[in-house]
Amino acid sequence: MRYLLLFLFVTVANAGFKLETVAPGVIASIRTEPPGIMFEANVVFIVNDEDVVVVDANGTPTAAKESIAALRSITTKPVRYLVNTHWHTDHVTGNATWREAYPGLEIVAHATARADMAGTGEANRKSYLEAAPVLARRLRNMLEVRKNFAGESMTDEEVAGFTSDAELIERFATEAPGTPMVLPTLGIEERMTLTRGARTIDIRHLGPGHSRADLIVHLPVEGIVISGDLIVSPVPLVGSTSLPSQYAATLEKLIALRPKAIVPGHGPVLTDDRQPKLMVRMLESITKQVAAAVARGESLEQTRKSVDLAEFQRAFAGDSAQKAFIFKSYVAGPAVAAAYDQARTK
Ligand SMILES: [Zn+2]
């Protein structure tokens, strides 16, 4: 399935994103940081007849302010809804900045994501902030001697990725402590369909995946899905809060919507379904291999060794040492652990 869409690219000077018109009035702010292990999130503006619906809020006030300035350069219409696709900090820390800019705003999330934001999210934020200075210093030291975590010489791609990671950690560590966590004002369970003038905006929970409470935003007329981190490119972001045994089925439902364009939580706009299809195959393989390991009575350490994801690492990371490192950090490590937990508690 291949689609030809005409994209309009506008790179915003000095900001870490470019604006891309996915359909009339649907503008994605796509992050331009090189692939790394730290993230800022893509943001999408859906400009309607009288108002705007925004998807995801950025991970710092500075990034949110840059997104708001970009939106205001496009339209003076007010933002009526801000959707948090899930509770992870890089998608929600900007909530406070968006509410300040648009005080009438409703912030929409899955009802469970709201609870996770206040519970696990707050705890994670605290421990991340404690670890941030040490991690940033370690990355800076590694960059000085150009050696990666394994002690090998860094490739240029690793230098770019780790430099961006250090900058993102430092920015978050500076800004997050003074930023209140503004929680969603509207919690939804399965679906909320907004009709804004001529536009239909279908906000849906398709099932557990990247987190237990992901939302997607579907524009059925335009054929666009804004997926949050359910889909990330080039390397998927499965992560430690994922539910691998249900993730594939959730992605199948997303693929069944037959989108012409997918705006992922991180990475460029996708115009075919190769990435989610490959993710489905990988998640099914992880679930199957881990279940077999658990049935053999293997420990998590043994399971990590017996599960073979080489085919998928090659497919997502190619020959890139940096992308292989991201694959290990966000797929091989945490996804296998999450699948192991799921298989043992079945
Ligand atoms: Zn996430």
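Which loop trypsin sites (Lys or Arg not before Pro) in the range 108-215, with loop taken from DSSP, have no more than 16 other Cβ atoms within 10 angstrom of their Cβ?
R146
Please work out the ratio of the alpha-carbon Rg of the chain to 2.2 N^0.38 Å and round it to two decimals.
Cα Rg divided by the expected 2.2 N^0.38 Å: 0.96.
For the range 300-346, what is the Kirkwood estimate of the hydrodynamic radius, computed as the reciprocal of the mean inverse distance between distinct Cα atoms, to one decimal in Å?
Here the Kirkwood hydrodynamic radius works out to 11.2 Å.
With each label point set 7 Å from Cα along the Cα-Cβ vector, what nm distance links L278 and R296?
Using points 7 Å along Cα→Cβ, the separation is 2.7 nm.
Would you compute, for the Cα atoms of the range 97-242, the largest minus smallest coordinate along each principal axis and list the three values in descending order, in whole Å?
For the range 97-242, the Cα spread along each principal axis is 56, 34, 27 Å.
Could you compute Rg(Cα) / (2.2 N^0.38 Å) for the range 66-172, with N its residue count?
In units of the globular-protein estimate, the range 66-172 measures up at 1.38.
Would you mind telling me which residue in D202, D165, D156 has the biggest mean-square fluctuation in a Gaussian network model of the chain, where springs connect alpha carbons within a distance under 10 angstrom?
D156
Taking only the alpha-carbon positions of the range 213-346 and ignoring solvent, what does the Debye formula give for the base-10 log of I(q)/I(0) at q = 0.12 Å⁻¹?
The Debye formula, applied to the Cα set alone, gives -0.45.
Residues in the range 88-105, backbone N under 16 Å from the label point at E122 (7 Å along the Cα-to-beta-carbon vector): list them, ranges by number please.
So the set is 88-89, 93, 96.
If each of T200 and R138 carries a label point 7 Å out from its Cα toward its Cβ, how far apart are those two points in nm?
Rounded to a tenth, the inter-label distance reads 4.9 nm.
For the range 156-260, state the average projected area of the convex hull of the C-alpha atoms over all orientations, rounded to one decimal in nm².
One quarter of the hull surface, i.e. the mean projection, equals 9.4 nm².
Can you compute the radius of gyration and Dmax for the range 213-259, using only the Cα atoms, both in Å?
11.1, 34
What share of the DSSP beta bridges in the chain is antiparallel, in percent to the nearest 5?
70
What ³J(HN,Hα) values, in whole Hz, does the Karplus curve 6.51 cos²θ - 1.76 cosθ + 1.60 give for the range 21-34 when θ = phi - 60°, with x put for Gly and Pro?
Using θ = phi - 60°, the values come out as 7, 8, 7, x, x, 10, 10, 9, 9, 9, 4, 10, 4, x Hz.
We did not get these values from a lab; they are worked out from the coordinates using the rules stated. Just so it is clear, the model here is predicted, and its values are computed rather than measured. Methodologically, a virtual Cβ is constructed for each residue, glycine included, from the backbone with ideal geometry; neighbour enumeration extends over all protein chains shown.
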